[in-house]
Amino acid sequence: MSLDSCRPSFSLGTESRYQRLLEAAPDAILEIDSSGKIVLINSQVEKLFGYRREELLGEVVEILIPERFRKRHPAHRAGYCAHPVIRPMGSGLDLWARRADGTEFAVDINLSPFSGESGLGVICVIRDVSDRKAVEEQVRLLNLSLEQRTRELATTNAELENRNLEVEKANRRKSNFLATMSHELRTPLNVIIGFSDLLAEQTAGPLNQKQRQFVSHIKESSRHLLALVDDILDLSKIEAGHLELKYESFSLNTAASEVLATVRPLAEAKQIQLETEFPEEITMFADNLRLKQVLYNLLTNAIKFTSEKGNVCLITESERAFVKLSVIDTGVGIPYEEHESIFEAFHQVSTTAPRSHEGTGLGLSITKLLIEQHGGRIWVESEPGMGSRFHVTLPLKTNS
Ligand SMILES: Nc1ncnc2c1ncn2[C@@H]1O[C@H](COP(=O)(O)OP(=O)(O)O)[C@@H](O)[C@H]1O
Ligand SMILES: [Mg+2]
C-alpha cells in the first residue's frame with residue numbers, strides 16, 4: 001500500500017514531498033485502520049522490526065507486540081478509539097515491541113487519531129528506546145547500590161559511635177578502677193614499708209643476719225611495687241587524657257638543680273660523675289612538677305645504666321622557640337633497633353636491663369607522653385657500649 005492511496009486528494013508534488021518527509025523521519029511510523037490493520041508504514045518500521053513492507057501491510061498491528069500482550073491489546077485499541085486524542089501510549093508503563101525474529105525491545109509510542117477513508121485511523125510513532133532504557137536501568141542499579149552503600153555506612157557509623165561510647169565508658173571505668181585500686185594498694189604498702197623500716201632499724205629488738213636480709217627484701221620489693229602502682233596510675237591517667245598539666249612560669253635551672261640534688265646520692269653510690277652544663281638562665285612556662293619528673297626519669301635511667309665511675313651530664317639550652325634538654329651518659333648504650341621500643345610501656349632492653357636493674361619499664365613511656373602533652377619531642381642517640389644521649393625539645397612558651 002502506498003501513501004498515494006491514503007491521500008488521493010493531494011497533488012503529486014506535495015504528495016511526494018510528504019512521502020519523503022515520512023521516509024526521512026527518524027522514528028518508525030505506521031498507520032492503523034479502525035479494525036487494527038496496518039495500512040501504511042515507513043521504511044524505519046521495516047528496519048526496526050525486521051519485516052518486509054508487504055509482510056506487514058494488511059496484518060493486524062498485534063503482530064508487532066510480544067505474544068504475552070497480544071490478547072489484551074484489541075481492548076486497549078477499542079478504548080483508544082472511544083477516546084481518540086493525541087497522547088503517548090501506555091504512559092508511565094514500559095512498552096515492549098517484538099521483531100520478526102521474536103526478540104523484544106523497549107519502545108515509546110505516540111498515538112494520533114485522524115479520520116481516514118474507512119473511518120477512524122491511528123498514526124503510531126514508534127521509537128526504539130532500548131539504549132535509553134539500558135542507561136536508565138544502569139542508573140537505577142547504581143542508585144540501588146548507592147542507597148545500599150549509604151545504609152551500610154550509616155549502620156557502620158552507628159556501630160562505630162556505639163563502640164566509641166563503649167570504649168570511652170570502659171576507659172573511664174578503667175581509670176576509676178586504677179585510681180581506687182592504687183589508693184587501696186598504696187595504703188597497705190606504705191604500712192608494710194613503714195613497719196619493715198622499723199624492723200630494719202631494729203627499734204623493736206636486734207635482728208640476726210638472715211632476718212636483716214629478709215627485711216631488706218621486703219623493703220625493696222614493696223618500694224618497687226609502690227613505684228609500679230604510681231607509674232601505672234600515671235600512665236593510665238595520661239593515656240585516658242585525664243592528666244591536666246598545671247602550667248606556670250619557673251626557672252628551668254632551679255628545677256634542674258632540685259632534681260640533681262635528689263639523684264646525686266644515687267650517682268655517688270656508684271662513684272658516677274654528675275655534671276651539668278647550664279650556659280644560660282632559662283625561664284619556662286610548663287608544668288614544673290611534670291618537667292622535674294621527666295628529668296628525674298632520664299637522670300635515674302642514665303645513672304642506673306652506667307657502670308661505676310662513669311659519667312652522666314645534663315645540658316640545658318634554648319634554641320629559638322624551644323628548650324633542649326640532653327641527658328648524656330657513658331653507660332651500656334642501646335642497640336639501634338630498640339631506639340623506638342624503649343618508649344613503649346613495659347619495654348626493657350633484655351641485654352642491658354638484667355633483673356638487678358629493677359625498674360618498672362614504664363619510666364620512658366610516661367616521660368614521652370608527658371613531653372608530647374607539652375607539645376615536645378624525645379629521642380635517643382645511642383650504640384651498645386658507647387653510652388646514650390637522650391634529647392628532649394619543649395616549646396619555650398611564656399605566659400605573656
Ligand atoms: N640511659 C640508658 N642507657 C641504657 N639503656 C637505657 C637508658 N635509659 C633507658 N634504657 C633502656 O630502656 C628501658 C626502658 O626504660 P624505662 O622505661 O625508664 O624503664 P626502667 O627504667 O624501669 O627499666 C630500660 O629498661 C633500658 O633497657
Ligand atoms: Mg626508668
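The values are calculated or read from the model by the stated rules, or taken from the named source; none is laboratory data. If you're wondering where the values come from, they're calculated on a predicted model, not measured in any experiment. No Cβ is skipped: glycine too gets one built from the backbone with ideal geometry, and neighbour counts run over all protein chains shown. Keep in mind that these areas ignore ligands, DNA and RNA; they rest on the heavy atoms of the full protein, side chains included. Shrake-Rupley method; radii C 1.70, N 1.55, O 1.52, S 1.80 Å.
A few points about this structure:
- Members of the stretch 85-102 found to be open to solvent by 50 Å² or more (accessible area, probe 1.4 Å) and not in a loop (DSSP other than H, G, I, E, B), listed by number: R87, P88, W96
- Scanning the stretch 127-149 for residues that are in contact with an Asp or Glu (Cβ under 7 Å, 6 or more places away or on another chain) and in a strand (DSSP E or B) gives a single hit, R127.
- Against the list (1) open to solvent by less than 60 Å² (accessible area, probe 1.4 Å); (2) without any contact (Cβ under 8 Å) to a residue 24 or more places away in the chain, the condition E340 fails is (1).
- Yes/no for S365 being near ligand 1 (Cβ under 9 Å from one of its atoms) and open to solvent by less than 20 Å² (accessible area, probe 1.4 Å): yes
- Scanning the stretch 304-328 for residues that are within 16 Å of ligand 2 (Cβ to nearest atom) and without any contact (Cβ under 8 Å) to a residue 60 or more places away in the chain, we see that the one that is nearest to G387 (Cα to Cα) is V312.
- Screening I334 with (1) out of contact with any Pro (no Cβ under 9 Å at 6 or more places or on another chain); (2) more than 12 Å from ligand 2 (Cβ to nearest atom) gives one miss only, at (1).
- None of L199, L226, L189 is over 20 Å from L243 (Cα atoms) and open to solvent by less than 70 Å² (accessible area, probe 1.4 Å) except L189.
- Neighbours by Cβ (under 7 Å, 6+ apart or cross-chain): first from the stretch 364-393, closer than 16 Å to S326 by Cα and in a loop (DSSP other than H, G, I, E, B); second of a type in the set (S, T, Y) and within 11 Å of ligand 1 (Cβ to nearest atom): G387/T330
- Scanning the stretch 33-63 for residues that are hydrophobic (A, V, I, L, M, F, W, C) and either in contact (Cβ under 8 Å) with a residue 40 or more places away in the chain or over 15 Å from L111 (Cα atoms) (or both) turns up V39, V45, L48, F49, L56, L57, V60, V61, I63.
- Members of the stretch 206-236 that are of a type in the set (S, T, N, Q) and closer than 30 Å to E168 by Cα: S236
- Candidates S318, S257 - the one that is under 24 Å from R377 (Cα atoms), away from ligand 1 (no atom under 16 Å from the Cβ), open to solvent by 50 Å² or more (accessible area, probe 1.4 Å) and modelled with pLDDT of 90 or more: S257
- Residue within the stretch 121-142 that is without any contact (Cβ under 8 Å) to a residue 40 or more places away in the chain, farther than 30 Å from K47 by Cα and open to solvent by 100 Å² or more (accessible area, probe 1.4 Å) present: yes
- Look at the stretch 238-250: where a residue is surrounded by 13 or more Cβ atoms within 10 Å (Cβ to Cβ) and a partner is among the acidic types (D, E), sitting 6+ places away or on another chain with Cβ atoms under 7 Å, you get L245/D287; Y247/D287.
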